[in-house]
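Asks: Okay, here's the structure, questions in a sec.
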């Protein structure tokens, strides 16, 4: 079997996650364990518009991936969110360098205000919930997965829009929670691993 090439990115520290960004920790966990029959390309990106604007297209061009997963952190407890779409503008919040993008817009030349992933996030929620046995109560401390339509207008949504512009059939953004109790880094990473396998049809 030819291995699928999958890029997974996480972000460095930023406000609210100054000491440790959970998305970077998941990158570390994936590096330890890998995924069978998947060629993982793992990267951490600074929470800066300039860096993201350069890095995301470079990764696509260099690796010609079968799938790109961007990971970011959010404040919702014990919830992993599969983001269905991203927005081209409204990026008014300063990054870690105190900068915003020109015109508060993404740098790609898309004429669309909203780009949607062709990956069916509703079906993905069903598949991953079943595969991981997520009951919202006891498993992994009550960890759940859900679909979201709003990745925000910060570096998460910004990076996602750039990848959707590259290929909406191969792009997904996933928000991961802070680790607490039985919702450990290992538990969250296992769900991310199974999510990637589900998208690729690897069981």
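Asks: Report, by residue number, each residue of segment 161-177 that is more than 19 Å from residue 125 (Cα to Cα) and in contact with a strand residue (DSSP E or B) (Cβ under 7 Å, 6 or more places away or on another chain).
Replies: Of everything in segment 161-177, those that are more than 19 Å from residue 125 (Cα to Cα) and in contact with a strand residue (DSSP E or B) (Cβ under 7 Å, 6 or more places away or on another chain) turn out to be 161, 163, 164, 165.
Asks: Can you give me the number of residues within segment 140-165 that are outside any loop (DSSP other than H, G, I, E, B) and crowded, with 17+ Cβ neighbours inside 10 Å?
Replies: Counting residues in segment 140-165 that are outside any loop (DSSP other than H, G, I, E, B) and crowded, with 17+ Cβ neighbours inside 10 Å gives 15.
Asks: Could you check how many residues of segment 96-120 are over 24 Å from residue 199 (Cβ atoms) and assigned to a loop (DSSP other than H, G, I, E, B)?
Replies: 10
Asks: Could you check, for segment 114-134, whether at least one of its residues is surrounded by fewer than 22 Cβ atoms within 10 Å (Cβ to Cβ), over 18 Å from residue 190 (Cα atoms) and without any contact (Cβ under 8 Å) to a residue 12 or more places away in the chain?
Replies: yes
Readers should treat all values here as calculations from the given coordinates under stated rules, not as data from a laboratory. Predicted, not measured: the structure shown is a model, and the values here were computed from it. Using ideal geometry, Cβ is built from the backbone for each residue, glycine included, and neighbour counts are taken over all protein chains shown.
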